[in-house]
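A.B. asks: Here it is, the structure, as structure tokens.
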Amino acid sequence: MSWQGRLADLGSLPRNNSLVGTGHIDKAAIISVAGDSVWAATSGFTVSPDEMKNLVSVLSGNSAAVDKAHADGIHIGGDRYVVARIEDRSIYGRQGRNGICVAKTKQAIIIAHHGEAQVAGNATQTTEALADYLIKAGY
């Protein structure tokens with residue numbers, strides 16, 4: 001399975017193996033855990049190099065980056081999201097009725113966006129389930 005396939009709407013994948021295919025996520029990207037490359041992205045969803053580096057800093061527990069994220073928010077795709085919470089491997093943010101869920105695995109960072117038509121809790125559960133699956137698979 002390709003990284004792009006993890007994002008695509010592919011009916012043959014189990015529900016927890018495809019983000020957009022679940023209907024809980026409208027766009028997503030998978031980047032390297034180093035924040036130096038995009039492995040897959042849905043059409044029109046672009047994460048800049050600076051945005052990737054910032055996510056890596058926050059997820060690595062850099063206290064200055066975490067404090068800045070809480071104060072100023074997280075930028076993804078050029079949009080600012082107010083940080084709702086930061087956990088060990090995850091960041092959750094809101095922009096009005098839209099939101100993001102970012103989950104780190106051993107080798108990748110999953111960035112999932114949900115629109116106002118989707119339920120934030122379902123988007124979070126879907127993203128975290130894919131992260132768990134990738135971790136169990138060695139990624």
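A.B. asks: Give the residue that is farthest from Ser57 (Cα to Cα), with candidates limited to residues of segment 105-139 that are in contact with a strand residue (DSSP E or B) (Cβ under 7 Å, 6 or more places away or on another chain) and of a type in the set (D, E, K, R).
C.D. replies: Step by step, filter segment 105-139, then rank; the result is Glu116.
A.B. asks: Okay, moving on. Scan segment 90-104 residue by residue and report those that are of a type outside the set (Gly, Ala, Ser) and either buried (at least 17 other Cβ atoms within 10 Å of the Cβ) or within 10 Å of the chain's Cα centre (by Cα) (or both).
C.D. replies: Those that are of a type outside the set (Gly, Ala, Ser) and either buried (at least 17 other Cβ atoms within 10 Å of the Cβ) or within 10 Å of the chain's Cα centre (by Cα) (or both): Ile91, Tyr92, Asn98, Ile100, Cys101, Val102, Lys104.
A.B. asks: Can I ask one more? In segment 89-139, how many are closer than 19 Å to Gly77 by Cα, among the β-branched types (Val, Ile, Thr) and touching a Phe, Trp or Tyr at 6+ places or on another chain (Cβ under 7 Å)?
C.D. replies: Counting residues in segment 89-139 that are closer than 19 Å to Gly77 by Cα, among the β-branched types (Val, Ile, Thr) and touching a Phe, Trp or Tyr at 6+ places or on another chain (Cβ under 7 Å) gives 2.
A.B. asks: Now a separate question. Among the candidates Thr105, Thr46, which residue alone is in contact with a Leu (Cβ under 6 Å, 6 or more places away or on another chain) and of a type outside the set (Phe, Trp, Tyr)?
C.D. replies: None of the others qualify; the one that does is Thr105.
A.B. asks: Sticking with this one: In segment 105-123, how many are assigned to a helix (DSSP H, G or I) and surrounded by fewer than 21 Cβ atoms within 10 Å (Cβ to Cβ)?
C.D. replies: Qualifying residue count, segment 105-123: 3.
A.B. asks: OK, next. For segment 26-89, please list each of the strands (runs of 3 or more DSSP E) lying entirely inside it that holds at least 2 residues being more than 26 Å from Ala117 (Cα to Cα).
C.D. replies: The qualifying strands (runs of 3 or more DSSP E) are 38-41.
A.B. asks: Additional query: Check whether at least one residue in segment 51-58 is in contact with a Cys (Cβ under 6 Å, 6 or more places away or on another chain) and crowded, with 17+ Cβ neighbours inside 10 Å, and report yes or no.
C.D. replies: Checked against the condition, which is being in contact with a Cys (Cβ under 6 Å, 6 or more places away or on another chain) and crowded, with 17+ Cβ neighbours inside 10 Å, segment 51-58 yields no hits at all.
Read-outs throughout are calculated quantities, based only on the coordinates presented, and are distinct from any laboratory measurement. Quick caveat, the model's predicted, so the values are computed rather than measured. Glycine gets a Cβ as well: all are built from the backbone with ideal geometry, and neighbour counts include every protein chain shown.
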